[in-house]
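In what follows, a structure is listed as structure tokens, so that the remarks can point back to it.
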Amino acid sequence: MTAQSWRHIGPEPRKGGIVLVADHASNAVPPDIDLGIDPALLHEHIAVDIGVDAVAEDLARNSGIPAHLACVSRLVCDLHREEDNPAVIPEASDGHAIPGNIGIDREARLARFHRPYHDALAAWLDAADPALVISLHSFTPALRSAPAPRPWEVALLYNRDDRAARHAIKLFEEHGLKVGDNEPYSGRLLNATMNRHAEAHGRPYLAIEVRQDLITDAAGQARWAALIGKVAGQVAILLEAA
């Protein structure tokens, strides 16, 4: 049984415009895959970046930013990991065992989900030739396995290329927000999709992490979609002027 690992929403990408990528936008598990977990876990952060799908939908609808979205849970295949990263098909996540991923045919799982997602993303970005790529994720206020509070409301992650991030950090701070600079984790350690599809091609990008409790309802999702759209537009102008 097959299942497509990605979908596109919004208008056709405009050359020199802004596009969005969300690797963890879905908690879907194909019916032929049994992860061996409590189904309630599919609604927690280990399975999906809470709120991201709705924010991306709002950005596509109201800001005209097209998006390439995952439509399979990160517990099935984590599309924001390199193929050789053991966590690409996690056997545990934030203290929860994922027994259905132990002893599986990992090559088959990668061929079914990971490669089609990234092949489609590469072709989409090549055709779009965007001026700016938004990579959208959300993070928990604290982890079960590391309960120290994460006070940032939004964060910008980057590896080597911080051109866009520097502008966005300043702009979000001007809105009175507590902004993480390569927090709650560093893009120098985990930046797989943007390393491959942005930095490797010289494309400026904003790897944005929004704290999940701020985008759990429609009002929060709309607020953050409007704010991200505004900041991304300002960053694109600043990059063009540089």
**Request:** Relative to the longest principal axis of the C-alpha atoms of the chain, give the angle of the C-alpha long axis of helix 218-241, reported between 0 and 90° and rounded to the nearest 10°.
**Result:** 50 degrees
**Message:** Cut-off under 14 Å on the C-alpha distance; same-chain residues fewer than 8 positions from K230 excluded. Which aspartates and glutamates are left, in chain and number order?
**Reply:** D58, E173, E174
**Message:** So if I place +1 on the C-beta of Lys and Arg and -1 on the C-beta of Asp and Glu, and nothing else carries charge, what would the dipole magnitude of the chain be about its Cα centre? I want it in debye, nearest 20.
**Reply:** 520 debye
**Item:** Probe 1.4 Å - accessible area at K230, Å² to nearest ten
**Value:** 110 Å²
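Give me the compactness ratio for segment 132-171, meaning the Cα radius of gyration over 2.2 N^0.38 Å.
Numbers: Rg = 12.5 Å, N = 40, 2.2 N^0.38 = 8.9 Å.
In units of the globular-protein estimate, segment 132-171 measures up at 1.40.
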**Inter-site label distance for A120 and D38 at 7 Å from Cα along Cβ, in nm** = 3.2 nm
**Complete:** With label points set 7 Å from each Cα along the Cα-to-Cβ direction at R7 and E82, the distance between them in nm comes to 3.2 nm
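State the percentage of accessible surface on segment 1-145 attributable to carbon and sulfur atoms; use a 1.4 Å probe and exclude ligands, DNA and RNA. Intermediate results must be reported in sequence, preceding the final value.
Values: 3150 of 6030 Å².
Roughly 52 percent of what the probe reaches on segment 1-145 is carbon or sulfur.
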**Descending Cα extents along the principal axes, segment 137-214, whole Å** = 36, 31, 16
**Message:** Using only Cα atoms and rounding to the nearest 10 degrees, what angle (0 to 90) does helix 115-128 make with the longest principal axis of the chain?
**Reply:** 20 degrees
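Would you please give the FRET efficiency between I104 and R61, computed as 1/(1 + (r/R0)^6) with r the Cβ-Cβ distance and R0 = 51 Å, to the nearest 0.05?
Details: r = 37 Å, r/R0 = 0.73.
The pair I104/R61 has a calculated efficiency of 0.85.
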**Request:** Round to the nearest 10 and give me the degree value, 0 to 90, for the angle of helix 163-174's Cα axis relative to the longest principal axis of the chain.
**Result:** 80 degrees
**Asked** Non-local amide H neighbours of I134 (under 5 Å, H modeled in plane, Pro and chain starts lacking H): which ones?
**Response** V19, L20, V21, L206
**Item:** For segment 22-147, the Rg and Dmax computed from alpha carbons only, in angstrom
**Value:** 15.1, 44
**Prompt:** How big is the chain in terms of Cα radius of gyration and Dmax, in angstroms?
**Reply:** 17.0, 52
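Multiply the residue gap between A241 and D181 by 0.36 nm, knock off their C-alpha separation, and tell me the result in nm, one decimal place.
Numbers: separation 60, 0.36 × 60 = 21.60 nm, distance 2.34 nm.
Using 0.36 nm per residue and subtracting the Cα-Cα distance, I get 19.3 nm.
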**Request:** Run down the aspartates and glutamates and flag those whose C-alpha is under 15 Å from the C-alpha of K15, throwing out any fewer than 8 positions away in its chain.
**Result:** D126, D129, E240
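The values are calculated or read from the model by the stated rules, or taken from the named source; none is laboratory data. The shown structure was predicted, so the numbers you read here are calculated from the model rather than taken from an experiment. Using ideal geometry, Cβ is built from the backbone for each residue, glycine included, and neighbour counts are taken over all protein chains shown. Just so you know, the surface numbers come from the protein's heavy atoms only, side chains and all, with ligands and any DNA or RNA stripped out. Shrake-Rupley method; radii C 1.70, N 1.55, O 1.52, S 1.80 Å.
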